[in-house]
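In what follows, a single structure is set out as structure tokens and then discussed.
The values are calculated or read from the model by the stated rules, or taken from the named source; none is laboratory data. Keep in mind that this is a model prediction, so the values were computed, not measured. Note that we place each Cβ from the backbone using ideal geometry, even for glycine, and neighbour counts take in every protein chain shown.
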Amino acid sequence: MADALKAFEAELESKNFKGYWQNVQGDVDREPVPSFEPCHWKGKDLFAAMEKAGDVVGLDVSFRRVIQMWNPSLKNGTSRTLVLNLQLLKPGEDALSHRHMAGAIRFILKGHGTRLIVEGESFEIGEGDFVTTPSWTWHDHENHGGQAMMWLDGLDSPLVRLLETDFHEPDPRKKQPVTKPEGYTLATMGALRPSWVRQNSIQPPAFCYKWEDTEKALSKVGEQPGDPYDGIVLEYANPVTGGPTLPTMSCQIHMLRSNEKTKTHRHTSSTIYHVWKGSGVTTIGDKRYEWEKGDSFVVPLWYHHRHENTSKDPAVLFVMSDKPLMAAIGHYREDAKAD
Ligand code: GTQ
């Protein structure tokens, strides 16, 4: 009998078939079992490495001077779908224009004087500002100021790699001409909108969210109860739809108030955190990760987690998650844990 089954399986294989009984043996997992693990990157190590990269890596060697938060349990990604990078642009440098399928965001960590040019609009950026470069938008950066600038890049490139849908085009112009007046998108995407401009309902226009506005919003909602699992949460909303930042990622600012402790939960989206201000502890599964300004860490899907601000000053985190993607395909689930 066993021989007959083996012979049958060989016959199936010779015709490019496979019996389901050959793949699925025994019990299947009853809930998600992530293949990748939490990881914590120390800001001190990251910034020291970038200082070195500034000395030894020229823009002739690398199109962008970028260091990735490389999750060793994944290889080539911070989570299964997203990557968090640090980019340095020195005074006088131009990072040339290109466009690609991956959607990207920037959160500015240090310096001022650089301009990000996206789809013909030049955005002047400074510390704490947040800028989107949605999928297939031309983008280049020029630092004509006197200071080195560093920012976080968040991209959905691991997802694009998985889907194999990448298009990638270097800009034959090298640098884009600026074709829109200063402040164009901000002035036309608020409460006043030109009637003839048709907006793409999937990809938002490139947008710059100034730190000054983020800070103002934090101070207006800071006394409210907030979210039991994340504290005060502000999402960088798609300016057209009010929905998530990009179709594939939600970017947010979280604030944990003086000594605030959140409740424990888990969900089917994975979350990447970067500590913008303050210090605290996040418990992921059964491990404690103590973090301080400049650190980054990732919480893979379905890991229980909770946060604690261990200081009396507010802790502010820049956060990126693939929740919109999971929600769009009906895979988003969330589960609270009784403490
Ligand atoms: O700024 O265009 O971190 O193309 C990785 C790839 C940044 C960018 C990254 C990129 C960019």
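Here is a check on your reading of the model: is Lys90 under 25 Å from the mean Cα position of the chain (by Cα) and among the basic types (Lys, Arg)? So Lys90 passes the test.
Kindly indicate whether Gly145 is surrounded by 13 or more Cβ atoms within 10 Å (Cβ to Cβ), closer than 26 Å to Gly54 by Cα and away from the ligand (no atom under 16 Å from the Cβ). Yes; evaluated as a whole, the condition is true for this residue. Taking the numbered list (1) closer than 23 Å to Tyr273 by Cβ; (2) hydrophobic (A, V, I, L, M, F, W, C); (3) at pLDDT below 95 in turn, Met150 passes all entries but (3).
Of a type in the set (Val, Ile, Thr) and more than 14 Å from the ligand (Cβ to nearest atom): is that true of Val118 in this structure?
Details: of a type in the set (Val, Ile, Thr): yes; more than 14 Å from the ligand (Cβ to nearest atom): no.
The answer is no for Val118.
Restricted to the range 257-339, the set of strands (runs of 3 or more DSSP E) holding at least 1 residues that are within 18 Å of Pro34 (Cα to Cα) and free of Cβ contacts under 8 Å to residues at least 40 places away in the same chain comprises 279-284. Taking first residues from the range 51-67 that are within 13 Å of the ligand (Cβ to nearest atom) and partners that are among the polar types (S, T, N, Q), the Cβ contacts under 7 Å between residues at least 6 apart in sequence or on separate chains come to Arg64/Gln87; Arg65/Gln87; Val66/Asn85; Val66/Gln87; Ile67/Asn85. Looking across the range 112-124, just one residue is at pLDDT below 95 and over 15 Å from Lys210 (Cβ atoms), and that is Gly113. Of the residues contained in the range 83-98, one or more are found to be over 24 Å from Ser122 (Cβ atoms) and surrounded by 11 or more Cβ atoms within 10 Å (Cβ to Cβ). Before we move on, is Lys52 over 21 Å from the mean Cα position of the chain (by Cα), surrounded by 10 or more Cβ atoms within 10 Å (Cβ to Cβ) and more than 30 Å from Pro91 (Cβ to Cβ)? For Lys52, the condition - over 21 Å from the mean Cα position of the chain (by Cα), surrounded by 10 or more Cβ atoms within 10 Å (Cβ to Cβ) and more than 30 Å from Pro91 (Cβ to Cβ) - is not met.
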